[in-house]
1. Using a simple spin-label model with points 7 Å from Cα along the Cα→Cβ vector, what separation in nm is obtained for Ile59 and Leu43?
2. Roughly how many nanometres apart are two label points built 7 Å out from the Cα toward the Cβ at Asn85 and Leu20?
3. Given points 7 Å out from each Cα along the Cα-Cβ axis, report the Val93 to Lys71 separation in nanometres with one decimal.
4. Only sites in a loop by DSSP and with at most 12 other Cβ atoms within 10 Å count here; which chymotrypsin sites (Phe, Trp or Tyr not before Pro) in the range 21-65 make the cut?
5. Charges at C-beta only: +1 for Lys and Arg, -1 for Asp and Glu. How large is the resulting dipole of the chain about its Cα centre, in Debye rounded to 20?
6. Between helix 3-21 and the chain, what is the angle of the helix's C-alpha long axis to the longest principal axis, kept within 0 to 90° and rounded to the nearest 10?
7. By how many degrees, between 0 and 90 and to the nearest 10, does the Cα long axis of helix 70-86 differ from the longest principal axis of the chain?
8. Taking 22 Å as R0, compute the FRET efficiency from the Cβ-Cβ separation of Lys104 and Glu28 and round it to 0.05.
Amino acid sequence: MAQHNELGKKGEQLAVDFLLKNKYEIIERNYRFDKAEVDVLALKDNILAVIEVKTRSTIDFGNPQDFVKPKQIKNLVKAVDEYVNENDLDLEVRFDIIAIVKEKKGFSVEHLENAFYHF
């Protein structure tokens, strides 16, 4: 597996561990619909948190959260709309980013709630 793929997988697992530690229930991982993949769907306080995980080995080119682009947001919203309808859910939906950066000794994990809005 390519090194960037391994880093991405490690980042997703760190994000899930972080969410579990913060009392989220993981509903789904790597949900795919059309051209989108939702990294993590998690539930807390009757809110469905749609989590996009961005992991970087350095911030030399920008923060991880800066790499979520408008087209990706559009695809995520479409996928989550399908998921909510397909599962007949009546929940508030929130879009979050978990930004992970590799550091000398471990990783930094930042949870950005309401990182973007669906229009």
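1. 3.5 nm
2. Between Asn85 and Leu20, the label points sit 3.3 nm apart.
3. Reported label-point gap for Val93 and Lys71 is 2.1 nm.
4. Here the sparse-neighbourhood loop sites are Phe61.
5. 600 debye
6. With both axes taken from Cα atoms, the answer is about 60 degrees.
7. Here the helix axis deviates by roughly 40 degrees.
8. In this case the efficiency is close to 0.10.
None of the figures in this text is laboratory data; all of them are computed from the coordinates on show. If you're wondering where the values come from, they're calculated on a predicted model, not measured in any experiment. Methodologically, a virtual Cβ is constructed for each residue, glycine included, from the backbone with ideal geometry; neighbour enumeration extends over all protein chains shown.
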